[in-house]
Number of protein chains: 2
Amino acid sequence: MFHHRSFANGLTLIGEVSPSARSVAVGFFVKTGSRDESSDVSGVSHFLEHMVFKGTPRRSAFDVNRDFDRIGAHYNAFTSEENTVFYGAVLPEYLPDAVDILADILRPSLRQEDFDLEKNVIIEEIGMYDDQPMWCAYDQSRKAFFADHPLGNTVLGSVESIKALSREQMQGYFDRRYVAPNITVSVAGNFDWNQAVELLEKHCGAWPTGVAPRSNLRPASHREGVKIVPKDKVIQEQVMVLTPAPGADSPLRYAADILAMIVGDDTGSRLYWELIDPGMADSADMSYHDYEGAGAFFTMLSCEPENTATNLDALREIYREIQANGATAEELNTAKNKVLSRIVRGSERPMGRMQALGMGWTYHQKYRSVDEELAAFDAVTIADLRRVLDEFPLHNLNVLALGPLTKLASD
Amino acid sequence: MFHHRSFANGLTLIGEVSPSARSVAVGFFVKTGSRDESSDVSGVSHFLEHMVFKGTPRRSAFDVNRDFDRIGAHYNAFTSEENTVFYGAVLPEYLPDAVDILADILRPSLRQEDFDLEKNVIIEEIGMYDDQPMWCAYDQSRKAFFADHPLGNTVLGSVESIKALSREQMQGYFDRRYVAPNITVSVAGNFDWNQAVELLEKHCGAWPTGVAPRSNLRPASHREGVKIVPKDKVIQEQVMVLTPAPGADSPLRYAADILAMIVGDDTGSRLYWELIDPGMADSADMSYHDYEGAGAFFTMLSCEPENTATNLDALREIYREIQANGATAEELNTAKNKVLSRIVRGSERPMGRMQALGMGWTYHQKYRSVDEELAAFDAVTIADLRRVLDEFPLHNLNVLALGPLTKLASD
């Protein structure tokens with residue numbers, strides 16, 4: 001059963017009540033991320049996500065942790081290019097406490113002392129990610145592909161941008177972006193809708209309103225090319241191949257998801273049979289990423305450096321083949337069964353439903369039941385896949401290879 | 001709704017029907033693992049788990065993968081010290097196919113050619129795990145703690161034992177261990193019990209019967225000590241601290257689980273506040289492992305080498321303190337909320353219920369509903385924690401440190 005409420009200050013509350021569930025999940029979706037950052041505050045969204053757990057006028061960082069713990073909450077947060085999300089799942093009787101804590105921490109004190117300490121944690125985290133070749137390749141490939149479009153912005157920021165960031169800049173960003181109309185609260189599982197409305201009214205009704213437009217919705221100007229990033233102390237070559245794909249607002253997004261699964265699901269796909277099964281690569285998968293107003297197919301490949309050129313040739317051939325001849329009915333059927341199975345399994349937990357609801361509302365201002373979501377995927381035809389290929393051909397690849405190689409054999 | 005059926009050949013089928021679920025999960029629990037291996041076949045259980053996916057008289061390895069894929073199955077397998085488990089989750093209409101495939105692959109061809117090829121995969125996997133310091137420390141700490149008890153056996157085997165293994169030895173092990181009375185099939189989610197009985201009767205009714213006793217149920221003779229394993233190219237020191245704990249058959253197992261959570265849950269525990277929050281260690285957690293007839297508390301610590309001795313002292317002090325004074329009522333309450341929340345959230349997916357049911361039956365030949373499981377944890381008292389500490393004191397630690405250190409400062 002779906003419910004929806006807009007509060008006077010512009011905060012949105014959505015909820016799906018499932019009486020058969022045994023827990024309840026609640027998430028605060030702030031529509032802000034690295035694409036909303038100017039270069040002088042690069043990384044502020046993610047740094048701010050950390051600061052949210054550092055305390056409020058009512059709670060120290062210790063209290064935040066202890067209070068979540070006392071109610072046995074499973075809680076976390078993440079920051080992406082477009083969203084910053086704070087969430088928790090608890091037993092139904094603890095929903096009031098969970099909302100109390102989450103709503104409280106979303107008005108953080110941003111104390112100078114905590115800010116200075118946490119800065120070191122962020123810089124360490126940047127260093128840690130820098131040691132992960134797959135992450136580096138992913139981050140740099142977005143930059144190479146999206147070029148100067150804000151979707152190419154790094155989520156973590158750089159050591160330099162974080163060092164230079166001031167508490168006042170973060171406070172300014174918070175005041176502009178964490179206004180009530182830019183936040184959607186999603187609740188799913190076993191709970192009472194009226195109680196949820198009362199809780200949110202009580203804890204968030206006084207949050208300031210405001211306007212937080214996303215001003216950079218121009219389409220991404222996709223860039224073709226091959227970039228080699230030599231990196232020491234890395235054994236395998238990490239290759240990212242990006243091409244344009246439908247945006248989150250496109251009706252073709254379901255077909256795009258299925259196409260990516262046919263080409264590059266981590267089992268049983270064309271990439272799997274061509275590269276993984278015969279042991280040519282350690283991993284090779286294609287996935288569809290949709291953003292507001294733009295999208296991309298990401299193919300990620302990890303292999304021995306000496307196999308890189310051959311594997312890239314094989315990948316180009318797979319792209320060429322499906323571009324020319326499309327997918328088969330059997331492939332479409334298998335991909336549908338996989339995606340339906342994933343949606344259904346993901347929806348069985350309040351945590352999964354809460355996230356699907358929150359993301360759906362953030363991008364589409366629309367509710368879709370599990371059955372509607374299943375029906376949308378089930379309706380995809382061979383002709384729809386053809387339409388995706390025609391509008392977003394798998395040509396003009398943007399390739400980024402990070403690892404031991406200094407050049408590709410075929411260059 | 002719980003159901004149970006024993007077939008004529010000794011195979012057991014258990015099932016929990018949840019009409020509100022949208023998928024169904026099925027698992028085959030073979031009660032065999034590294035503890036059931038003699039040293040000349042060390043690693044055969046895990047190697048055999050791989051071979052199960054390599055084909056049958058009816059299916060090639062390709063067919064196995066494709067057939068799972070066609071029905072959108074989320075499937076996998078794992079091998080531990082005591083169990084080898086094969087499982088999958090699908091949409092309800094595909095249960096017959098899932099049972100067909102799983103039952104078929106559990107009578108594998110074990111072809112010589114596949115055996116020879118897969119041997120290389122296993123040897124590569126051993127090499128890969130050997131590159132993971134945390135895994136090495138875990139594996140070697142069990143050996144150090146359990147000494148010559150079969151629970152100290154390594155799951156993967158060694159490069160030598162795998163190289164020396166013959167197809168005939170594996171066939172012999174399979175014939176002895178994969179007999180119907182040694183296998184429990186667990187089904188949970190949205191399905192029809194009578195249909196499940198028919199499917200299992202049809203596909204497994206002709207499986208050979210036999211007796212597969214676990215002959216080595218003597219208690220583990222716990223060994224105290226400190227062992228330093230110097231390892232190159234590793235940055236952090238990995239420390240394992242083991243002490244005895246109740247076995248899976250002990251009524252104290254619920255209290256033992258809660259005690260481990262109070263001392264070393266990954267958030268909000270004593271170890272967390274003492275070592276993680278102040279940044280002394282990257283990770284520090286304690287968990288309770290129960291086996292048939294034996295158990296152990298595992299504390300895992302990862303930190304800068306120079307902090308190892310200080311951290312171990314802090315750990316000893318935490319152990320000493322709780323041993324002397326027990327846990328507080330607030331700690332008990334928090335731990336209960338966490339464990340209840342985890343059980344409930346885990347039970348919301350058929351996959352989680354299927355695994356809990358299968359493991360519960362394998363160890364206790366008994367069904368417990370989620371509510372019964374919750375009640376058992378909820379009934380734990382401060383006095384029960386005291387009983388665990390008295391019977392299994394946190395003294396006489398078995399410490400294993402793997403990493404850059406060649407000796408501990410305090411030695």
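What helices (runs of 4 or more DSSP H) lie completely within the stretch B:93-149 and have 1 or more residues being open to solvent by 40 Å² or more (accessible area, probe 1.4 Å) and hydrophobic (A, V, I, L, M, F, W, C)? Quick ask: steps written out before the conclusion?
Numbers: elements: B:95-105, B:112-130, B:133-146.
Output list reads B:112-130, B:133-146.
Scan the stretch B:306-328 and tell me whether some residue there is open to solvent by 40 Å² or more (accessible area, probe 1.4 Å), within 14 Å of chain A (Cβ to nearest Cβ), under 20 Å from B:VAL380 (Cβ atoms) and not hydrophobic (A, V, I, L, M, F, W, C).
Yes, the conditions are met somewhere in the stretch B:306-328.
Please work out if B:VAL64 is surrounded by fewer than 24 Cβ atoms within 10 Å (Cβ to Cβ), within 20 Å of B:GLU198 (Cβ to Cβ) and of a type in the set (A, V, I, L, M).
Values: surrounded by fewer than 24 Cβ atoms within 10 Å (Cβ to Cβ): yes; within 20 Å of B:GLU198 (Cβ to Cβ): no; of a type in the set (A, V, I, L, M): yes.
Here the answer is no, as B:VAL64 does not meet what is asked.
Give me the pairs, please: first residue somewhere in the stretch A:214-233 and acidic (Asp, Glu), second residue anywhere and not in a strand (DSSP E or B), beta-carbon distance under 7 Å, and either six or more positions apart or on two chains.
If the second residue must be not in a strand (DSSP E or B), the pairs left are A:GLU224/A:ASN396; A:GLU224/A:LEU397.
Tally up the residues in the stretch A:181-207 that are in contact with a Lys or Arg (Cβ under 9 Å, 6 or more places away or on another chain), assigned to a helix (DSSP H, G or I) and closer than 20 Å to A:PRO350 by Cβ, please.
Of the residues in the stretch A:181-207, 4 are in contact with a Lys or Arg (Cβ under 9 Å, 6 or more places away or on another chain), assigned to a helix (DSSP H, G or I) and closer than 20 Å to A:PRO350 by Cβ.
Within the stretch B:330-371, can you find the residues that are among the acidic types (Asp, Glu), at the interface with chain A (Cβ under 9 Å from one of its Cβ atoms) and over 19 Å from B:ALA89 (Cα atoms)? Can you show your working first?
Restricting attention to the stretch B:330-371, the residues satisfying the condition of being among the acidic types (Asp, Glu) are B:330-331, B:348, B:371.
Filter again for at the interface with chain A (Cβ under 9 Å from one of its Cβ atoms), leaving B:330, B:348.
Passing the criteria: only B:GLU330.
Within the set of pairs 6+ apart or on separate chains, which have a first residue in the stretch A:89-107 that is free of Cβ contacts under 8 Å to residues at least 12 places away in the same chain, a second that is open to solvent by less than 10 Å² (accessible area, probe 1.4 Å), and C-beta atoms under 6 Å apart?
Note: no pairs meet the criteria.
Does A:SER42 satisfy the criteria of being within 20 Å of the chain's Cα centre (by Cα) and open to solvent by 10 Å² or more (accessible area, probe 1.4 Å)? Write out each step before concluding.
Working: within 20 Å of the chain's Cα centre (by Cα): yes; open to solvent by 10 Å² or more (accessible area, probe 1.4 Å): yes.
Yes, satisfied.
Would the stretch A:136-155 turn up any residue that is touching a Cys at 6+ places or on another chain (Cβ under 8 Å), at pLDDT 95 or above and among the aliphatic types (A, V, I, L, M)?
For the stretch A:136-155, residues touching a Cys at 6+ places or on another chain (Cβ under 8 Å), at pLDDT 95 or above and among the aliphatic types (A, V, I, L, M): absent.
Looking only at residues that are in contact with a strand residue (DSSP E or B) (Cβ under 7 Å, 6 or more places away or on another chain) and modelled with pLDDT of 95 or more in the stretch B:282-294, which one is farthest from B:LEU151 (Cα to Cα)? Write out each step before concluding.
Pass one, the stretch B:282-294, residues in contact with a strand residue (DSSP E or B) (Cβ under 7 Å, 6 or more places away or on another chain): B:282-289.
Remaining after also requiring modelled with pLDDT of 95 or more: B:284-289.
Details: B:ALA284: 24, B:ASP285: 21, B:MET286: 19, B:SER287: 17, B:TYR288: 15, B:HIS289: 12 Å.
Only one residue fits best here, namely B:ALA284.
Which one of A:SER18, A:SER6, A:SER60 is without any contact (Cβ under 8 Å) to a residue 24 or more places away in the chain and within 29 Å of B:ARG342 (Cα to Cα)? Let's see the steps before the verdict.
On the way: A:SER18 fails: without any contact (Cβ under 8 Å) to a residue 24 or more places away in the chain; A:SER6 fails: within 29 Å of B:ARG342 (Cα to Cα).
Going through A:SER18, A:SER6, A:SER60 in turn, the sole match is A:SER60.
Please work out which residue is farthest from the chain's Cα centre (by Cα), limiting yourself to the stretch A:388-398 and to residues that are crowded, with 16+ Cβ neighbours inside 10 Å and part of a helix (DSSP H, G or I).
Here is the first cut: in the stretch A:388-398, the residues crowded, with 16+ Cβ neighbours inside 10 Å are A:388-389, A:392, A:394, A:397-398.
Next, from what is left, pick out any that are part of a helix (DSSP H, G or I): A:388-389.
On the way: A:VAL388: 22, A:LEU389: 24 Å.
Among residues in the stretch A:388-398 that are crowded, with 16+ Cβ neighbours inside 10 Å and part of a helix (DSSP H, G or I), the one farthest from the chain's Cα centre (by Cα) is A:LEU389.
Please work out which residue is surrounded by the fewest Cβ atoms within 10 Å (Cβ to Cβ), limiting yourself to the stretch A:329-355 and to residues that are without any contact (Cβ under 8 Å) to a residue 60 or more places away in the chain and among the charged types (D, E, K, R).
For the stretch A:329-355, the residue satisfying everything is A:GLU330.
Tell me whether the stretch B:402-409 contains one or more residues that are within 14 Å of another protein chain (Cβ to nearest Cβ) and touching a helix residue (DSSP H, G or I) at 6+ places or on another chain (Cβ under 8 Å).
Quick first cut of the stretch B:402-409, residues within 14 Å of another protein chain (Cβ to nearest Cβ) only: none.
No, the stretch B:402-409 contains no residue that is within 14 Å of another protein chain (Cβ to nearest Cβ) and touching a helix residue (DSSP H, G or I) at 6+ places or on another chain (Cβ under 8 Å).
Tell me yes or no: at least one residue of the stretch A:70-84 is surrounded by fewer than 23 Cβ atoms within 10 Å (Cβ to Cβ), acidic (Asp, Glu), over 24 Å from the mean Cα position of the chain (by Cα) and more than 9 Å from chain B (Cβ to nearest Cβ).
Among the residues of the stretch A:70-84, not one is surrounded by fewer than 23 Cβ atoms within 10 Å (Cβ to Cβ), acidic (Asp, Glu), over 24 Å from the mean Cα position of the chain (by Cα) and more than 9 Å from chain B (Cβ to nearest Cβ), which makes the answer no.
What about B:ALA284, is it of a type outside the set (Asp, Glu), open to solvent by less than 40 Å² (accessible area, probe 1.4 Å), outside any strand (DSSP E or B) and in contact (Cβ under 8 Å) with a residue 24 or more places away in the chain? Even if it seems obvious, please write down each step before you answer.
Details: of a type outside the set (Asp, Glu): yes; open to solvent by less than 40 Å² (accessible area, probe 1.4 Å): yes; outside any strand (DSSP E or B): no; in contact (Cβ under 8 Å) with a residue 24 or more places away in the chain: yes.
When the stated conditions are applied, B:ALA284 does not pass them.
Looking for whichever is in contact with a Cys (Cβ under 9 Å, 6 or more places away or on another chain) and surrounded by 19 or more Cβ atoms within 10 Å (Cβ to Cβ) here; the options are A:ALA188, A:ALA180, A:ALA196. Which one fits?
Of A:ALA188, A:ALA180, A:ALA196, the one residue that is in contact with a Cys (Cβ under 9 Å, 6 or more places away or on another chain) and surrounded by 19 or more Cβ atoms within 10 Å (Cβ to Cβ) is A:ALA180.
Just to verify a result, which residue in the stretch B:221-255, among those that are away from chain A (no Cβ under 14 Å) and of a type in the set (Lys, Arg), is nearest to A:ALA61 (Cα to Cα)?
B:ARG253
Out of A:LYS31, A:LYS54, report the one residue that is away from chain B (no Cβ under 11 Å), under 30 Å from B:GLU330 (Cβ atoms) and open to solvent by 20 Å² or more (accessible area, probe 1.4 Å).
Going through A:LYS31, A:LYS54 in turn, just one is away from chain B (no Cβ under 11 Å), under 30 Å from B:GLU330 (Cβ atoms) and open to solvent by 20 Å² or more (accessible area, probe 1.4 Å): A:LYS54.
Determine whether the stretch B:309-326 contains at least one residue that is touching a Ser or Thr at 6+ places or on another chain (Cβ under 8 Å), closer than 29 Å to B:TRP361 by Cβ and not charged (D, E, K, R).
So far as the stretch B:309-326 goes, no, none of its residues is touching a Ser or Thr at 6+ places or on another chain (Cβ under 8 Å), closer than 29 Å to B:TRP361 by Cβ and not charged (D, E, K, R).
From the list B:THR381, B:THR406, pick out the single residue that is at pLDDT 95 or above and either of a type in the set (Ser, Thr, Tyr) or in contact with a Pro (Cβ under 7 Å, 6 or more places away or on another chain) (or both).
B:THR381 is the lone residue from the list that is at pLDDT 95 or above and either of a type in the set (Ser, Thr, Tyr) or in contact with a Pro (Cβ under 7 Å, 6 or more places away or on another chain) (or both).
Scan the stretch B:248-260 residue by residue and report those that are in contact with a Phe, Trp or Tyr (Cβ under 6 Å, 6 or more places away or on another chain) and more than 26 Å from B:SER302 (Cα to Cα).
Residues of the stretch B:248-260 that are in contact with a Phe, Trp or Tyr (Cβ under 6 Å, 6 or more places away or on another chain), as a first pass: B:248, B:254, B:256-257, B:260.
Within the stretch B:248-260, B:ALA248, B:TYR254 meet the criteria.
Go through the residues of the stretch B:261-272 one by one and say whether even a single one is farther than 19 Å from A:PHE68 by Cα and touching a residue at least 12 places away in the same chain (Cβ under 8 Å).
Taking the stretch B:261-272 as the starting set, the residues that turn out to be farther than 19 Å from A:PHE68 by Cα are none.
Looking for residues that are farther than 19 Å from A:PHE68 by Cα and touching a residue at least 12 places away in the same chain (Cβ under 8 Å), one finds none in the stretch B:261-272, hence no.
Looking at the structure I just gave you, is B:ILE162 closer than 18 Å to B:GLY55 by Cβ, at pLDDT 95 or above, part of a helix (DSSP H, G or I) and β-branched (Val, Ile, Thr)?
Details: closer than 18 Å to B:GLY55 by Cβ: no; at pLDDT 95 or above: yes; part of a helix (DSSP H, G or I): yes; β-branched (Val, Ile, Thr): yes.
In short, no.
Please tell me if A:ILE258 is over 20 Å from B:TYR75 (Cβ atoms), within 14 Å of chain B (Cβ to nearest Cβ) and not in a loop (DSSP other than H, G, I, E, B).
Values: over 20 Å from B:TYR75 (Cβ atoms): yes; within 14 Å of chain B (Cβ to nearest Cβ): yes; not in a loop (DSSP other than H, G, I, E, B): yes.
So A:ILE258 passes the test.
The values are calculated or read from the model by the stated rules, or taken from the named source; none is laboratory data. For clarity, every value in this text was computed on a predicted model and none was experimentally measured. All Cβ positions, glycine included, derive from the backbone under ideal geometry; neighbour counts span all protein chains shown. SASA here: full protein model, heavy atoms, side chains in, ligands and nucleic acids out. Shrake-Rupley method; radii C 1.70, N 1.55, O 1.52, S 1.80 Å.
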